[in-house]
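As structure tokens, the structure follows; a few thoughts come after it.
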Amino acid sequence: ENTYQKIRDVDDSVQAFLTLDEERAMEKARALDEQVDQGSEQPLFGIPAGIKDNILTAGLKTTCASQLLDNFEPVQDATVMERLNEQNIVTVGKLNMDEFAMGSSNENSGYYSTKNPWATDRVPGGSSGGSAAAVAAGEVPFALGSDTGGSIRQPASFCGVVGLKPTYGRVSRFGLVAFASSLDQIGPLTRTVEDNAYVLQEIAGHDPHDSTSVDVDVPDYLSALEGNINGMRIAVPKEFMEEGVEAGVKEQIQSAIRTLESLGASCEEVSLPNANYAVAAYYLLASSEASANLARFDGIRYGVRKGDGDLMDVYKKSRSEGFGDEVKRRIMLGTFALSSGYYDAYYKKAQKVRTLIREDFNHVLHSYDVILGPTAPTTAFKIGEQKDDPLTMYLNDVLTIPVNLSGNPSVSVPCGFSNGLPVGMQLIGKPFEERILYRVAHAYE
Ligand code: GLN
């Protein structure tokens, strides 16, 4: 009840939610009240959560913020939802995003733009902008987001919350509507590092329904918070502190480095020589995969059907009226990059760049425990400021995209303010070593 009251109080101005599930949620909450004993074993028992609208929730509309899926109600839960429901969380509703997770500001939503709770004339970041804003505004203690090129970490940074992109393969993608399957990961957005560890603990682990989920043991993430960071070796890539990064952001990162040093860590400058090619490679690879993944939205199998002529007419009208401009831009770019004759020049070359970037990270993390830098080059920008300039918009993710290409885990943690707006610090670790990220983030927090 308190949760919905809070949502009624703030969501008129923040607009983080697309769909609320009040009746079912209240029913579940009441049922859980009757069995509080069981709750002592389950840390997430009865905790209200908001879910990004590209994660399937049985019986609850899942639109990916696209008009094309305006009427789509899945019959099945995503694996992460099944696991959280077993832990007796209460799903409050579904959160706004950029359409099909393509964007960095929430302005590509097919419905409306979510506002940044710190300054409602500014964007919350994207694509998990609804998730970050709902947590920052105190509407829910945790939300799930997805990160293909920075979509958990960049909005976490803009809204001053903790957002983790787990190692590729750590969390099942079964039931996450695919954008770029080789990059997508689901992860938690929370107010504290500890809360984040609680959620990851439940959603991590192998899932036979997702062939890319990896069958390695899930460690105890909570116990990682207890260790200190004395003697830890932290690498700061010089490419992450170059011209594009705002002075106010750099200052906060430098002051975070001093704090970590005072806790006994040593920080040294390193280089990730291929990081500068990451954005170009990403937009080829992600768009190529998207063009294939989005082929299933044809007006026949899912969502809203337009046109009443022959089959081609239905395809054409459903897709041209259902998809927004950014989604169409990516489908065209991806289809072009994959067409025969161009494959070697674009897709294959981008795959090679991806390998080089992965080697850069392996090389640095061979001698260091974590890599540290800003999450995003700027703080939250004004709504409308970058909307008509896709290239500038794409550069929001220069610092987060390399990590999706390499598959490493990465967390964004709040580290101060610049001109009254939150700044995020990004920590990157070795594959499957989310524990070290949590330890450093918790020690800093
Ligand atoms: N902003 C990036 C894009 O538009 C990343 C999106 C994401 O991580 N889902 O592709």
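Numbers below:
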quantity: All positions within region 72-95 that are touching an Asp or Glu at 6+ places or on another chain (Cβ under 7 Å) and under 20 Å from Gly303 (Cβ atoms); calculated: Gly93, Lys94, Leu95
quantity: Matching residues, region 116-131, being polar (S, T, N, Q), part of a loop (DSSP other than H, G, I, E, B) and away from the ligand (no atom under 11 Å from the Cβ); calculated: Thr120
quantity: Residue check for Pro188: within 15 Å of the chain's Cα centre (by Cα) and without any contact (Cβ under 8 Å) to a residue 60 or more places away in the chain; calculated: yes
quantity: Verdict on Asn276 being in a helix (DSSP H, G or I), closer than 24 Å to Thr378 by Cβ and of a type in the set (S, T, N, Q); calculated: yes
quantity: Options Val140, Val199: the member that is among the β-branched types (Val, Ile, Thr), in a loop (DSSP other than H, G, I, E, B) and either more than 15 Å from the ligand (Cβ to nearest atom) or in contact with a Cys (Cβ under 6 Å, 6 or more places away or on another chain) (or both); calculated: Val140
quantity: Selected residue [more than 16 Å from the ligand (Cβ to nearest atom) and part of a helix (DSSP H, G or I)] from Lys306, Lys317; calculated: Lys317
quantity: Residues (touching a strand residue (DSSP E or B) at 6+ places or on another chain (Cβ under 9 Å) and crowded, with 20+ Cβ neighbours inside 10 Å) located in region 65-82; calculated: Ala65, Asp77, Ala78, Thr79, Val80, Met81
quantity: Some residue of region 95-107 being in contact with a Cys (Cβ under 8 Å, 6 or more places away or on another chain), in a loop (DSSP other than H, G, I, E, B) and more than 16 Å from the ligand (Cβ to nearest atom); calculated: no
quantity: Residue count for region 396-445, restricted to those that are more than 17 Å from the chain's Cα centre (by Cα) and farther than 24 Å from Ser172 by Cβ; calculated: 14
quantity: Scan of region 321-369 for residues that are of a type in the set (Gly, Ala, Ser) and in contact (Cβ under 8 Å) with a residue 12 or more places away in the chain, ordered by number; calculated: Gly322, Gly324, Gly334, Ala337, Ala350, Ser367
quantity: Which listed residue is aliphatic (A, V, I, L, M) and assigned to a helix (DSSP H, G or I), from Ala49, Ala25, Ala65; calculated: Ala25
quantity: Of all residues in region 57-116 being more than 18 Å from the chain's Cα centre (by Cα) and of a type in the set (Phe, Trp, Tyr), the one that is nearest to Glu41 (Cα to Cα); calculated: Phe72
quantity: Tabulated pairs, region 1-15, first under 12 Å from Pro117 (Cβ atoms) and in contact (Cβ under 8 Å) with a residue 60 or more places away in the chain, second among the aliphatic types (A, V, I, L, M) and in a helix (DSSP H, G or I), C-beta under 7 angstrom, 6+ apart or interchain; calculated: Val14/Ala133
quantity: Residue, surrounded by the most Cβ atoms within 10 Å (Cβ to Cβ), within region 179-196, restricted to residues that are out of contact with any Phe, Trp or Tyr (no Cβ under 9 Å at 6 or more places or on another chain) and outside any strand (DSSP E or B); calculated: Thr192
quantity: Checklist (1) away from the ligand (no atom under 16 Å from the Cβ); (2) under 26 Å from Lys328 (Cα atoms) applied to Thr148, failing item; calculated: (1)
quantity: Region 215-235, residues that are surrounded by fewer than 18 Cβ atoms within 10 Å (Cβ to Cβ) and either within 28 Å of Asn274 (Cβ to Cβ) or in contact with a Leu (Cβ under 8 Å, 6 or more places away or on another chain) (or both); calculated: Val216, Asn228, Asn230, Arg233
quantity: Boolean, Thr375 is more than 16 Å from the ligand (Cβ to nearest atom), closer than 27 Å to Ser109 by Cα and of a type in the set (S, T, N, Q); calculated: no
quantity: Of the criteria (1) under 28 Å from Phe417 (Cβ atoms); (2) within 16 Å of the ligand (Cβ to nearest atom); (3) buried (at least 24 other Cβ atoms within 10 Å of the Cβ); (4) of a type outside the set (Val, Ile, Thr), which one Ser113 fails; calculated: (3)
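Every read-out reported here was derived from the displayed coordinates using simple, explicitly stated rules and does not represent laboratory data. Everything numeric in this text was worked out from a predicted model, so none of it was measured. Heads up, the Cβs are rebuilt from the backbone with ideal geometry, glycines too, and the neighbour counts pull from every protein chain shown.
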